[in-house]
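The values are calculated or read from the model by the stated rules, or taken from the named source; none is laboratory data. Only a predicted model underlies this, so the values are computations on that prediction, with no experimental measurement involved. Note: ideal-geometry Cβ built from the backbone for every residue, glycine included; neighbour counts use all protein chains shown.
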Amino acid sequence: MRLNGNQNVVRQNFSLKRQLASLNRDLEKVIFAIDEKVLDRIYFGHSHRITSDVLSEVQKAILMLEDRGFFAHRGFEFRAPLRILKRIISWKRLGAISTIDQQLVRIATGRYERTIRRKVREALLAFLLNAHRSKSQIFYAYIHDSYFGYRLEGCEMASSFIFSKPALSLSSHEACFIASLLARPLPKSVFEAIELEKKIRVITPEIIIRIGELQGLKWARAVNSRYQYALEILPSTPSSLRTR
């Protein structure tokens, strides 16, 4: 009986070590992803600076839509578990409650399973990440590594393709539309239509939304709703935030 007890302890210790090793590997993946994007700025000339007290229009729009408390928390919000529990009780999906730090962890690790275990692991990794990299570095990697639509990785690529200008130079309307794509990525059919439209006229958010409507896509209504909301809240967003 005692032997079985010892065996259980050994198994538990082995399982714990394996989980810690897995956690450490994932943390290294996220750190590498951040450092890679920092190097990308040198090689590809991204318009945004990594550290700046003044935020661009697209940075403000992304923060307001994705994570308003980004510069205040340490990777996750303590209220999040209560919101998760409320959604479970009401049979709602678990999405749309992750911080920017957690979203970056998800992108870098490639873990997208919709489980409580993944959410907890994500929050822990996001917390640990804040001990290794600054908020400015995390945010920079996030905006340049996120998926904005078909063949559009990062806000610089999305801005360049859609509006033919650097992300730093976007107008408030253009910035709000780009930020809206994080939750409603640009579909392939709209991407292809934009390629043709760019040859004959200047592209605006309204033109893109109209293209989606003409194609009968539910995406058009969803992205327009998010875009209009961003336009409402952007004027009240401070242009200067204390970063660390």
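Observations
- Here the condition is being crowded, with 17+ Cβ neighbours inside 10 Å, touching a strand residue (DSSP E or B) at 6+ places or on another chain (Cβ under 8 Å), among the β-branched types (Val, Ile, Thr) and at pLDDT 95 or above; of Ile178, Ile209, it holds for Ile178 alone.
- Ala193 being within 24 Å of the chain's Cα centre (by Cα) and at pLDDT 95 or above: no
- Among the criteria (1) in contact with a Leu (Cβ under 9 Å, 6 or more places away or on another chain); (2) modelled with pLDDT of 95 or more; (3) crowded, with 21+ Cβ neighbours inside 10 Å, the one Ala220 does not fulfil is (3).
Residues are listed down the side, and each one gets a yes or a no for (1) surrounded by 15 or more Cβ atoms within 10 Å (Cβ to Cβ); (2) within 20 Å of Thr99 (Cα to Cα); (3) modelled with pLDDT under 85:
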| position | (1), (2), (3) |
| --- | --- |
| Glu28 | no, yes, no |
| Thr51 | no, yes, yes |
| Leu65 | yes, yes, no |
| Gly69 | no, yes, no |
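- Any hit, segment 185-197, residues being closer than 17 Å to Leu63 by Cα and polar (S, T, N, Q): no
- Leading residue by the ranking (surrounded by the fewest Cβ atoms within 10 Å (Cβ to Cβ)) among those in segment 119-174 that are farther than 23 Å from Ile233 by Cα and small (Gly, Ala, Ser): Ala131
- Pairs where the first residue, in segment 167-189, is in contact (Cβ under 8 Å) with a residue 24 or more places away in the chain and closer than 14 Å to Ala220 by Cβ and the second is among the polar types (S, T, N, Q) and surrounded by fewer than 24 Cβ atoms within 10 Å (Cβ to Cβ), C-beta under 6 Å, 6+ apart: Ser189/Gln215
- Flag for Ala131 being modelled with pLDDT of 85 or more, within 20 Å of Val30 (Cβ to Cβ), in a helix (DSSP H, G or I) and of a type in the set (Gly, Ala, Ser): no
- Exactly one residue out of Arg118, Arg106 is out of contact with any Ser or Thr (no Cβ under 9 Å at 6 or more places or on another chain), part of a helix (DSSP H, G or I) and not hydrophobic (A, V, I, L, M, F, W, C): that is Arg118.
- Criterion applied to Glu156, Glu122 was being touching a residue at least 24 places away in the same chain (Cβ under 8 Å) and closer than 18 Å to Cys176 by Cβ, and the one residue passing it is Glu156.
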